[in-house]
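The values are calculated or read from the model by the stated rules, or taken from the named source; none is laboratory data. Quick caveat, the model's predicted, so the values are computed rather than measured. Cβ sites come from the backbone with ideal geometry, for glycine too, and all protein chains shown count toward neighbours. What goes into the accessible areas is simple: the full protein's heavy atoms, side chains included, and nothing from ligands, DNA or RNA. Shrake-Rupley method; radii C 1.70, N 1.55, O 1.52, S 1.80 Å.
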There are 2 protein chains.
Amino acid sequence: MKPAESLDTRDRLLQTAAALMWERSFQATGVDELCQRANAKKGSFYHFFPSKSDLAVAAMESFWEHARAGIFEPVFSSSESGLTQLRELIERIHELQVQVSAEKGGVLGCPFGNLGQEMARQDEKIREALQKIFDSHCQFIEAALIRAEQAGEIPAGDNRQRAKNIFALLEGALLLAKVANDPQIFRRVISAVTVVAAA
Amino acid sequence: MKPAESLDTRDRLLQTAAALMWERSFQATGVDELCQRANAKKGSFYHFFPSKSDLAVAAMESFWEHARAGIFEPVFSSSESGLTQLRELIERIHELQVQVSAEKGGVLGCPFGNLGQEMARQDEKIREALQKIFDSHCQFIEAALIRAEQAGEIPAGDNRQRAKNIFALLEGALLLAKVANDPQIFRRVISAVTVVAAA
DNA sequence: CGCAGAGTAGACAGACCGGTCAACTGTTGG
DNA sequence: CCAACAGTTGACCGGTCTGTCTACTCTGCG
């Protein structure tokens, strides 16, 4: 993630929004505060985005693009086996949680999961955007499972469903870690992933 | 759950708070609206509870007591085997999700998980309360796993950790169902529980 | 009866919210 | 040289937020 100062106003707003909403929540993030932190003025905000919800959608999409390019694609395009890639992904997520939780003074969990729990029932656009982002996550996992199946690492089965199961376990583990405020909870729960992958 | 009219003011506030915060979210639930729906006045609200956060904690504890008495204790004190009890619990949760989502026009997910994602990083009292409620959930699951292990349904293992894994899967599945706005997602993901139980 | 305390009532406060708007600036292309 | 336009600025709006306060009612008890 580039330093905020070097970006243009729109990108600064996007990046600040993602950070603040991850750290706190959508509703606890005020437009005024957000603009201040992004070094932008309210008028600029509403010049680029019709509403706070639209900014949230754009911020999540942008955040996912960064995560995809910075984590998912490198991990899943390696020469490792499907299951190893999966374990590598989990390792990266865990590292990120540890690092961010040290920086912010507590476990933040998954930015998409957080926003989903909070806003899915209140804002349809946000719900749809997150649904798509979840799907993208699952597609990466599914592809790894297919490779694992072809390599004989796991028995043949419904890899799409398996991917959803694994993703659900990830999200649940992040929630437990957040409520316990202990990133190690995530690592321990996640040990079950290999089993779910073969289910 | 008794009809709201027959309860005293404090209980009406508790019940209405749990319902509204489940349906929407903590921050989207206003004190004014809450009082109106509970047929109470602001003065009464702040007579019983020092703040909205304290009400939320009390409402979650009360809701959990209802769920424990109405679902968890009946299910886990039956004469069925440990794994069957677990499946029965999941069945009940699924039925509840289907019913509530028909009533409210969308999947609401887990009231505790929702509040946890939203408020764990913003209100330490809420975080601690939910942490305890999560623990109680896990204790029920763990007890069932111990019975399952003794009956030879699953191999010997760390049943405390297994319980956390299962609980994480449940919470994750509820999140996916909420974001997809489809309660059937929950049922499908949850098919992996038996595997996780034996991991 | 009279009093104490629990609970009720709702006006009020002050901060803060998301969002609007008209005026301004800086750049680009004809 | 100016017109067109993307972007910026910050004052401003009406509404809503949680929480406070004083006055009131009801009930049980000595």
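Accessible area of residue A:47 (1.4 Å probe, protein heavy atoms only, ligands and nucleic acids ignored): about 140 Å². For the range A:1-115, the spherically averaged projection of the C-alpha convex hull amounts to 7.6 nm². Across the protein assembly as shown the C-alpha pair distances fall into 20 Å bins from zero in the proportions 27, 58, 15, 0 percent. The Cα-based radius of gyration of chain B, divided by its Kirkwood radius, gives an Rg/Rh of 1.00. Label-to-label distance, residue B:42 versus residue A:104, with points set 7 angstrom from Cα along the beta-carbon direction: 3.3 nm. Within a straight-line Cα-Cα reach of under 15 Å, residue A:104 can be paired with the following aspartates and glutamates, leaving aside sequence neighbours fewer than 8 residues apart in one chain: A:23, A:95, A:182, B:123, B:124.
Two numbers describe the Cα atoms of the range A:52-106: Rg and Dmax, which are 13.8, 42 Å. Taking all Cα pairs closer than 8 Å and separated by 6 or more residues, the relative contact order of chain B comes to 21 percent. Interface size, chains B and A: roughly 3700 Å² of accessible area buried, both sides included, 1.4 Å probe, rounded to the nearest 100. Once the Cα atoms are used to define both axes, helix B:82-104 deviates from the longest principal axis of chain B by about 30 degrees.
Computed per residue of chain A from DSSP H runs no shorter than four, each worth -39500 (n - 2.57), the mean residue ellipticity at 222 nm is -23000 deg cm²/dmol. Centre-to-centre, using Cα atoms only, the range B:109-171 and the range A:100-147 are separated by 21 Å. Averaged over peptide B:121-133, the number of partner chain Cβ atoms lying within 10 Å of each residue's Cβ comes to 3.
When the convex hull of its Cα atoms is viewed from all sides, the range B:99-199 shows a mean projected area of 7.1 nm².
Accessible area per residue for the range B:4-197 is 41 Å², calculated with a 1.4 Å probe on protein heavy atoms, without ligands, DNA or RNA.
Inter-chain Cβ neighbour count for B:98-107, averaged per residue, equals 1 (cutoff 10 Å, partner chain atoms only).
Per residue of B:181-190, other chain Cβ atoms within 10 Å of the residue Cβ number 3 on average.
Label-point spacing for residue A:39 across the identical copies (point 7 Å from Cα in the Cβ direction), in nm and ascending order: 5.7.
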